[in-house]
1. Evaluate E = 1/(1 + (r/R0)^6) for E34 and E160, where r is the Cβ-Cβ distance and R0 equals 22 Å; express this FRET efficiency to the nearest 0.05.
2. Assuming a ≥ b ≥ c are the square roots of the Cα gyration tensor eigenvalues, decide whether the range 115-217 counts as rounded (a/c under 1.5), prolate (otherwise, with a/b larger than b/c) or oblate.
3. Measure off, as a whole percent, the carbon and sulfur share of the 1.4 Å-probe accessible area of the range 33-191, all protein chains present.
4. Which aspartates and glutamates have a Cα lying under 15 Å from the Cα of K306, excluding residues fewer than 8 positions away in the same chain?
5. Tell me, Kirkwood radius of the range 30-122 from alpha-carbon pair distances, in Å?
6. How would S93, S213 rank on accessible area, largest to smallest, probe 1.4 Å?
7. Give me the Å³ per residue figure for the convex hull around the C-alpha atoms of the chain.
8. Calculate, for K106 and E133, the FRET efficiency according to 1/(1 + (r/R0)^6) with r their C-beta to C-beta distance and R0 45 Å; round to the nearest 0.05.
Amino acid sequence: MVIVMKKVVKFGGSSLASAEQFKKVGDIIHADKERRYVVPSAPGKRFSGDTKVTDMLYGCYHLAAEDKDFKKELADIATRYQDIIDGLGLTISLKEEFKTIEKNFKEKAGENYAASRGEYLNGIIMAAYLGYEFIDAAEVIRFTDEGDFDSELTNRILGERLAKTECAVIPGFYGAYADGRVKTFSRGGSDITGSIVSRAVKADVYENWTDVSGFLIADPRIIENPEGIETITYRELRELSYMGASVLHEDAIFPVRREGIPINIRNTNRPEDGGTWIVESTCQKSKYVITGIAGKKGFCSVNIEKAMMNSEIGFGRKVLQAFEDNGISFEHVPSGIDTMTVFVHQDEFMDKEQKVVSALHRLADPDCVEIEADLALIAVVGRGMKSTRGTAGRIFSALAHANVNVKMIDQGSSELNIIIGVANDDFETAIKAIYNIFVISQL
């Protein structure tokens, strides 16, 4: 018996911005007969200063929602698609589709509908270009009445539909409520659609094609030509994505993780590159002790001191309740014997800081509360750290040599990541120092 492999391939907006890019994508798909299910994004920027089609659709719909004339803006969007159709030598027409869009815009069908049309139209073109069946995501991806993605219902509907389909194009980014109204995922949600399709067809691999050759150990805006990551686990990726590494939408991991399907991040403009493999677990050792470094600026710390705090039952709950009651989520909560520090997003906290301080005094009766602003959090992530002694010591040493003052250090029980708090002004210096000690010094 011949086992036929199945690959789901998702292509980002930059990979489908023009007819020239479409041709690259077509070559990639036809180069491997296992690439049977395709998830396209809307056309992205063709050049610096260009506008993404999704943003054009938002702008166009806002005019319609305000009962202003939007025909020129809609015509500009139609021209973008016609340029792709002409460049590919196709004979299909999207005139009827644009008539429907114009009608629905006038009837104020909603922002979700407007934003989804970029992927929808690109899907029609992609299906015609490849000779694959087109399946509207609104027919197979379901959201609950509350607007939450219905994973099990979607998996059943989509699985049954694709079981009868050898090759198909399913547009990314959107689905629909039971009544057919379109609902989108958050921006970048085509990554999620690719993951959902992969689960439904029980794919062997989910290839996510973009404009970079996989993940890099650090942000290239901070580190010049950082090393790439060959293999990363789902858990490591979650840690890095949460801290700002943004090659893949962080919610795209969950559907494939449930099935143990690996994700391969690839570069449309460099298809010969192996990219990065995202897997559940691996016996392959990473090249370096760390897998990656990521971070964000714009935090503040709220330090709560109280003598004998550690012996007071419920103290931590009371402290966190003060934040919860004011609608503020926390990032990290390192604590000592008589101190507890809560790290929060500064922009969320600023307008409510005095309310929180009052609530802390009312609920927890601390000796004092101190607030420090303009902090950054840096995550150093790596499965290799668990079996390597002295990782935290090397980080401290590197930061001390770079004259960076460490405000906080927090290591998770999994020993997969270490979170470091530094001043915003020291953010780039700290990342360079950590990268140098773990990567440059090992080359």
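The values are calculated or read from the model by the stated rules, or taken from the named source; none is laboratory data. Computed from a predicted structure; not experimentally measured. When we count neighbours, we look across all protein chains shown, and the Cβ atoms used for this are built from the backbone with ideal geometry, even at glycine. Keep in mind that these areas ignore ligands, DNA and RNA; they rest on the heavy atoms of the full protein, side chains included. Shrake-Rupley method; radii C 1.70, N 1.55, O 1.52, S 1.80 Å.
1. 0.55
2. Because its axes are fairly even, with a/c under 1.5, the range 115-217 counts as rounded.
3. Looking at the range 33-191 in its full context, I get 47 percent from C and S.
4. D338, D365, D367, E370
5. Averaging 1/r across every pair of different Cα atoms and inverting gives 14.3 Å.
6. Descending accessible area places them as S93, S213.
7. Each residue corresponds to 186 Å³ of Cα convex hull volume.
8. That pair, K106 with E133, gives E of 0.90.
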